[in-house]
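Colleague: If you scroll down you'll find the structure; I have some questions about it.
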Amino acid sequence: MARFARWLAGPAGTGLIGVFFTVGTAAFSAAGGIAPDLAAEGWSQGRDRVWWLVVFLCLGVAAVAGGATLWWWRNRLRETRGIAYVVNETAAEWTPEQKEGFLSEVRDQFAVFRPVPPLRSFDRTAVWPHGEEATRWGRDMDAVVRHFQVANHDPDGRDAALDRSLFMWAPWPVAVAFGQRTTTLSRGRAVRVRQRDSFGRQGPVRARPVQDDGHSFQQQIERPGDGLFGELNVRRHQVRLQISRNGQPGTAAGPEPVPATAPGTALEPVPEVLLLVLRTNHNRFGLLPSLPVDVTDRAAHDDAAAGSREPVVFEMHDAVGLGLPATMSTELREWRYLPPPGETEHRWADYPAIVAAAAQWVADQAAAAPEAIVLLGAQLPQEISVGLGIWSARQYRWPRHVWPIYFQLGAQFTIPQLDLGRPT
């Protein structure tokens, strides 16, 4: 039944409804051609035509009634799904995805289709840049939220009873910030995050936007780890950060510099850095190694790799101005939750538990180092990123300030000026 409902709401269903109305119109036209002849010749003289008149009338009534029923049912199905919002904030260096077919299906399956105007339609330079220009991420994020508020504006309350669904394309820090800010401003009007097609670094993911219900990510999960069925590991890596700042050239690889100080002058203290990474796939994160899908003993694989690996070097640009030294050594803590061996995707039903477990781990790590600068990197599905933002906006234990480290192929890490800390 669910498959037929999805088919009915699509182009094929629209065509079937058109066939029913066309047949009904043709049958009524045929009946209208017979009636004048019967009136002229008399009903008793044209019994065969009477039967044909009855047949065409019955066919016309049945066809029109069937078409009207399917049309009413299709509209009811669309109304139950409500409004579909589409946020399309892809970065400039991303490969364009073949998503028009997916969006066409969304248009057919929902009562209202509301794309949020992307920043690039107003400002050609707003492409979530790396390097020095990453100082604009915060104000660009404000603009995205304003555009969503305009699309979500309902002064007459006519859409109050409709469910709201979200499909999103954006860099993961933008997705997290979007979930945080819209949750804070929603005043209890939850938006359900639905899965969309993806052809990125995780491999092709074919979504089922109607068959799979969306997630609000607002349910309370008392023990987040209980809902995880994949493989969860927390790994630690020794890393070396080489940090450039706005107005300064990048730092070349080499020995850690010794600051020049006058005799008797105390060295400026190095701030404590808490470097966290969330990863839910087998792909690389910077120079952190990827993990083959067919590895069965992943812990042994990690230990063997760690024994022969030098500290991982991360070159990143600080567009925030966090006061970090040009070169520093620290520990990277990685929360890694992978699908079971042999699988490449997590189950859609597991996403709320994954969000709760990942967010709880970040909150625990930050609580143990309350004075540290929290840097967060991620390799997450888009929907989990949005869910992380929704969850963190409602939990008091989420740290006050979290700075994302954003990595894109072909570019260095960037710390954009976009605070993912707990909204105040």
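Colleague: Mind checking the full-extension length gain between A368 and D159? Use 0.36 nm per residue of separation minus the Cα-Cα distance, one decimal, nm.
Modeller: Details: separation 209, 0.36 × 209 = 75.24 nm, distance 4.46 nm.
Contour length minus the Cα-Cα distance gives 70.8 nm.
Colleague: Moving to a separate point now. Using modelled amide H (1.01 Å from N, peptide plane; none on Pro or chain starts), what sits under 5 Å from the amide H of T327, excluding residues fewer than 5 places away?
Modeller: Those qualifying (amide H under 5 Å, at least 5 residues apart or on another chain) are I243.
Colleague: ³J(HN,Hα) across the range 332-343 via Karplus (A = 6.51, B = -1.76, C = 1.60, θ = phi - 60°), whole Hz, x for Gly/Pro?
Modeller: With coefficients 6.51, -1.76 and 1.60, one gets 9, 10, 10, 8, 10, 10, 10, x, x, x, x, 10 Hz.
Colleague: Something else: With a 1.4 Å probe and all protein chains kept in place, how do R194, R333 rank by accessible area, largest first? Spell out each step's value before the answer.
Modeller: Details: R194 25, R333 55 Å².
From most exposed to least exposed: R333, R194.
Colleague: With +1 assigned to the C-beta of every Lys and Arg and -1 to the C-beta of every Asp and Glu, and no other charges, what is the dipole magnitude of the range 99-158 about the Cα centre in debye, to the nearest 20? Don't skip to the answer; put the middle values down first.
Modeller: Numbers: 9 positive and 10 negative charges, 14 e Å.
Rounded to the nearest 20 debye, it is 60 debye.
Colleague: Got a sec to turn the phi values of the range 113-122 into Karplus ³J(HN,Hα) couplings, 6.51 cos²θ - 1.76 cosθ + 1.60 with θ = phi - 60°, whole Hz, x for Gly and Pro?
Modeller: Running phi through 6.51 cos²θ - 1.76 cosθ + 1.60 with θ = phi - 60° gives 10, 10, x, 7, x, x, 4, 5, 6, 10 Hz.
Colleague: Would you pull out the residues with amide H under 5 Å of R164's amide H, same chain only if 5 or more places away, H placed 1.01 Å from N?
Modeller: Amide H to amide H, under 5 Å and 5 or more residues apart or across chains, R164 pairs with I83, R192.
Colleague: Label-point separation (nm) for S29 and Q149, each offset 7 Å from Cα along Cα-to-Cβ?
Modeller: Those two pseudo-labels are separated by 5.4 nm.
Colleague: Applying the Karplus parametrisation 6.51 cos²θ - 1.76 cosθ + 1.60 with θ = phi - 60° to the phi angles of the range 74-86, what ³J(HN,Hα) value in whole Hz is obtained for each residue in order, glycine and proline being reported as x?
Modeller: 4, 5, 5, 4, 5, 5, 5, 7, x, 9, 10, 9, 10
Colleague: Need one value: the accessible area of S29 in square angstrom, 1.4 angstrom probe, rounded to the nearest 10.
Modeller: 80 Å²
Colleague: So for the range 383-424, Kirkwood radius off the Cα pairs, Stokes-Einstein at 25 °C and 0.890 mPa s: how many µm² s⁻¹?
Modeller: Working: Rh = 11.4 Å.
This corresponds to a translational diffusion coefficient of 214 µm²/s.
Colleague: Restricting attention to the range 314-417, which chymotrypsin sites (Phe, Trp or Tyr not before Pro) occupy a DSSP loop and are surrounded by at most 14 other Cβ atoms within 10 Å? Each step should come with its number before you reach the end.
Modeller: Working: sites: F314, W335, Y337, W348, W361, W391, Y396, Y406, F407, F413; in loops: Y396, F407.
Sparse-neighbourhood loop chymotrypsin sites (Phe, Trp or Tyr not before Pro): Y396.
Colleague: Right, something else. So if we plug the beta-carbon distance of Q395 and T69 into 1/(1 + (r/R0)^6) with R0 = 45 Å, what FRET efficiency do we get, rounded to 0.05?
Modeller: Details: r = 47 Å, r/R0 = 1.05.
Calculated transfer efficiency: 0.45.
The values are calculated or read from the model by the stated rules, or taken from the named source; none is laboratory data. Worth saying up front: this structure is predicted, and the values here are computed from it rather than measured. Glycine gets a Cβ as well: all are built from the backbone with ideal geometry, and neighbour counts include every protein chain shown. Just so you know, the surface numbers come from the protein's heavy atoms only, side chains and all, with ligands and any DNA or RNA stripped out. Shrake-Rupley method; radii C 1.70, N 1.55, O 1.52, S 1.80 Å.
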